[in-house]
Amino acid sequence: MENSKLKKLLDDMSLEEKIGQMVQLSGEFFNNDDNVVTGPRKKLGISKKQVFLAGSVLNVVGAKKTHQLQEEYLKHSPHKIPLLFMSDIIYGLKTVYPIPLGMGATWNPSLIEKAYQNTAAEAYASGNQVSFAPMVDLVHDARWGRVLESTGEDPYLNSLFAASMVKGFQKDLGKNRGIASCIKHFAAYGAVESGREYNSVDMSERRLKQEYLPSYKAAVDAGVEMVMASFNTLNGIPATGNKWLLKNILREEWGFNGILISDYAAINELVAHGFAESQQQAAKLAVEATVDIDMQSSAYVNELKSLIENGLLNVEKINDAVWRVLLLKNKLGLFEDPYRGANEKIEEKSLLTPKKRQLAREVADKAIVLLKNKDDLLPLNKHSSVALIGPYADEHELLGLWAVHGDRKESVTINQAFSEVIESKHLSVAKGTNILDDRTMLKGFGLSDESIDKMLLTDTQKETEHEKAISAAKKSDVVVMAVGEHTLESGEAGSRTDITLPYQQKQLIHDIANLGKKIVLVLISGRPLVLTDVINDVDAVIEAWFPGTEGGHAIADVVFGDVNPSGRLSMTFPYNVGQEPIYYNELSTGRSVKTSKHSSRFMSRYIDAPVTPLFPFGYGLSYHRAIYSNLNVNKNKFSSDESIKATVDIENNSYYSGIETVQLYIQDMFASVVQPEKNLKAFQQIYLSAHEKRRVTFTINVEMLKFYNTNLDYIAEPGDFKLYIGKNSQDVLETNFTLLG
Ligand code: BGC
């Protein structure tokens, strides 16, 4: 539709209709029957008429369902303005990829862009037009359940992924096919205090700009259509009512003119925060902060009209918000075709195709991080006899919490994949124990006694399973133990204070280790786990995350050597939970254990645990062995209009070929604001053939040396810098250079 017609439409709309466009409700609202007002409508106190004026709907997926709902909706809409379908399609719709923390470990944004393009194609065919993804929050604390949804702890790496995910979703928008992306949660939600869900965030504006905002900014620069405000307070002000954050920074400074949506019921929660004294004030504050859509609360639908009629809110603010909503609907072509991609036949052909599964397998292969490989136990010989033991041995639940529309049954279990590789006479399988045995915790997830009983092995079954596991281990050459977190232990509202493996799984590992067998540990998890209490019991460790639909295949690919693992951690694995939050790019202290001359007690350390993590950022092993040497710079002094070339030689000292991720870090040795010990500034993935030697070149320019000073100017200060190039944030070669004044 031409903009002039769209403008006319806006002018023709009644105030109620306009307010409706600013309201988003979940699908269940639309199923209420005519007379009895029960369920969600009653809970929110809104009428059926208001429901059918709501401009967008949340988490209704499937060509048939969306088609039917749109048809019904349009019968009620005075101006036939189509309903916009938005969903949480976070890392795949039906073809599910590894969780974003696993995607982060690929260090391959262009591969991930393809994954999101495929996801957009599935979402499109299922009648969805917007996804509430990617989550681009930077994370430092593995206790927070939502680290699962993040690509990790580094601003530079996160920014690359943020842009690539947005581009993947929106790539085909111009051709009227892809879907719009909504990044979240703006801003700094990943810094909730003590890793506790929905908690507060307090940080300096300088740190916010330096570390937390770049990934959102990268998504805005990549053209993202929507932004979701976060639940948390930021320096005392809830993001949902934070004019400075949403209006001044996001819209005015960054030029974002797309739709801003609240998080689930967050406008109403401004009252619970104690920031608004009534729901009416909450609605006013959110509109003034330019939040265009109220997700799942009654604030806008019930309060905006009287605010305007009583002169407490300028109607132009409503017009601006509605205009932005109409613009997106128009851009998506909904006025011409309200059903857009929703077509059951196309849907059938589009979901879970072999090609899409193939890409999911490639991503899962590349997301796997090999954490330990003592005496090169891996890869296993396909003719060795293998005992596959553990609660994840034959488990379909490999998708993780946020794959809400995925079908568990479609995922390939580890047992299924192993059976395709080795002969059945060489494979014995035993569950050994439950994933999670803690009934109190399971009940806390809202599960009934009955469903818990169905889920858990009884005590007698556990004994039998345990015996089965022990005898399988005894008769095999090697044991592969598939263990990990329960799906409900991570993701939203999955904060934990103990991030080790569940007790009975650790017990099983110790019992098998006591047999003196070689053990490969395969970990399924949504976060970096503390592995200190099991690491010495096992010979090899593979972090597979929640690996998605093709998870079993990817694990088998790596275990049996069809794929040489190349994943590198994008988030630190702590030594123990007391170290959290722990991350590689911390500021230099006055008493670093590396450089301080104080006696050891008086250094920045713990008296009961090491200060270093178990596995640092950037870490990961491969079957090939890369040796780094000859780090050189072509000059060691340069001025801001010049650049430096840094080179390093990398030799593959093995018979395996594989991908090596060469990482470049910089440290500013002296600055007006204390700087991190290291900052990732560039990396390259190279392919090394067996015994190949390559020289890798990086260009260093002044942009890579900039930081926010105390005036919040983004500048580089002349002086000395250290340059590190290596395999991970700790294992590096180093040299120096100087930026001239
Ligand atoms: C989450 C969002 C999500 C929304 C809608 C909220 O609880 O924080 O990430 O998009 O629900 O499902």
Quick tally, 1.4 Å probe accessible area for Met455, Met228, sorted with the most first, runs Met455, Met228
Nearest 10, in degrees from 0 to 90: the angle of helix 315-331 to the longest Cα principal axis of the chain is 60
FRET efficiency (Tyr687, Ser278; Cβ distance; R0 51 Å; to 0.05) is 0.25
Counting only DSSP beta bridges with both partners in the chain, the antiparallel fraction in percent, to the nearest 5, comes to 55
Tilt, helix 279-288 to longest principal axis of the chain (alpha-carbon atoms), in degrees rounded to tens, equals 80
Square roots of five times the C-alpha gyration tensor eigenvalues of the chain, ordered largest first and given in whole Å, equal 43, 34, 24
By the mean-Cβ-within-10 Å protection proxy, highest first, 571-583, 288-300, 596-608 rank as 288-300, 571-583, 596-608
Any aspartates and glutamates whose Cα falls less than 16 Å from that of Lys356, other than same-chain ones fewer than 8 residues away, would be Glu113, Glu122, Glu347, Glu348, Asp365, Asp407, Glu410, Glu550
Residue separation between Lys175 and Glu2 times 0.36 nm, minus their alpha-carbon distance, gives in nm 60.6 nm
Long-range share for the stretch 262-419, i.e. C-alpha pairs more than 19 Å apart as a percent of all pairs, stands at 73
With -39,500 (n - 2.57) per DSSP H segment of 4 or more residues and division by the full residue count of the chain, the 222 nm estimate, nearest 500 deg cm²/dmol, is -8500 deg cm²/dmol
In terms of the charge dipole of the stretch 364-573, which places +1 on Lys and Arg and -1 on Asp and Glu at the beta carbon, the residue among Asn536, Leu521, Gln507 farthest towards the positive end is Asn536
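Let's test the formula: R0 of 56 Å, r as the Cβ-Cβ distance of Asp438 and Asn381. What FRET efficiency results, to the nearest 0.05?
On the way: r = 38 Å, r/R0 = 0.68.
Between Asp438 and Asn381 the formula returns 0.90.
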With +1 at each Lys and Arg Cβ and -1 at each Asp and Glu Cβ, the charge dipole magnitude of the stretch 56-124 around its Cα centre, to the nearest 20 debye, comes out at 160
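For the stretch 364-573, what's the relative contact order in percent, using C-alpha pairs closer than 8 Å and at least 6 residues apart? Before the final figure, lay out each step's value.
Details: 401 pairs, mean separation 77.8, N = 210.
The normalised contact order for the stretch 364-573 reaches 37 percent.
Any idea what the relative contact order of the chain is, in percent, if you count C-alpha pairs under 8 Å spaced at least 6 apart?
Details: 1723 pairs, mean separation 99.8, N = 741.
Here the relative contact order equals 13 percent.
How large, in percent, is the carbon and sulfur part of the accessible surface of the chain at a probe radius of 1.4 Å?
Working: 13550 of 28460 Å².
Carbon with sulfur: 48 percent of the solvent-accessible area.
Please give the peptides 421-432, 537-548 ranked by average Cβ packing (other Cβ atoms within 10 Å per residue), highest first, as a rough proxy for protection. Don't skip to the answer; put the middle values down first.
Numbers: 421-432: 18.2, 537-548: 25.8.
The packing order, highest mean first, is 537-548, 421-432.
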If one compares the long axis through the Cα atoms of helix 155-170 with the longest principal axis of the Cα atoms of the chain, the angle in degrees, nearest 10, works out at 50
With the 8 Å Cα cutoff and a minimum separation of six or more residues, the stretch 626-739 has a relative contact order in percent of 32
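Can you bin the stretch 612-728 into rounded, prolate or oblate? Criterion: square roots of the alpha carbon gyration tensor eigenvalues sorted a ≥ b ≥ c, rounded for a/c under 1.5, prolate for a/b above b/c, oblate for the rest. Spell out each step's value before the answer.
On the way: a/c = 3.02, a/b = 1.80, b/c = 1.67.
Taking the square roots of the gyration eigenvalues as a ≥ b ≥ c, the stretch 612-728 is prolate.
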The summed charge of the Ser471 Cβ neighbourhood (under 14 Å; Lys/Arg +1, Asp/Glu -1) stands at +1
Among Ala473, Ile422, Ser566, the residue whose Cα sits farthest towards the positive end of the charge dipole of the chain, when +1 is placed on the Cβ of each Lys and Arg and -1 on the Cβ of each Asp and Glu, is Ser566
Probe 1.4 Å, heavy atoms of protein chains only: per residue, the accessible area of the chain in Å² is 38
FRET efficiency (Asp11, Glu71; Cβ distance; R0 25 Å; to 0.05) is 0.40
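If you take the C-alpha gyration tensor of the stretch 269-322, multiply each eigenvalue by 5 and take the square root, what semi-axes do you get, largest first, in whole Å? Don't skip to the answer; put the middle values down first.
Numbers: eigenvalues 57, 29, 19 Å².
Its equivalent ellipsoid spans semi-axes of 17, 12, 10 Å.
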Full extension between Arg601 and Asp498 adds, at 0.36 nm per residue less the Cα distance, a length in nm of 34.4 nm
The farthest towards the positive end of the charge dipole of the chain, of the residues Gln68, Gln663, Ile261, given +1 on Cβ of Lys and Arg and -1 on Cβ of Asp and Glu, is Gln663
Per residue, the convex hull enclosing the alpha carbons of the stretch 364-573 has a volume in Å³ of 120
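The values are calculated or read from the model by the stated rules, or taken from the named source; none is laboratory data. No experiment lies behind these values; they were computed from the predicted model shown. Every residue, glycine among them, receives a Cβ derived from its backbone with ideal geometry; neighbour counts consider all protein chains shown. Keep in mind that these areas ignore ligands, DNA and RNA; they rest on the heavy atoms of the full protein, side chains included. Shrake-Rupley method; radii C 1.70, N 1.55, O 1.52, S 1.80 Å.
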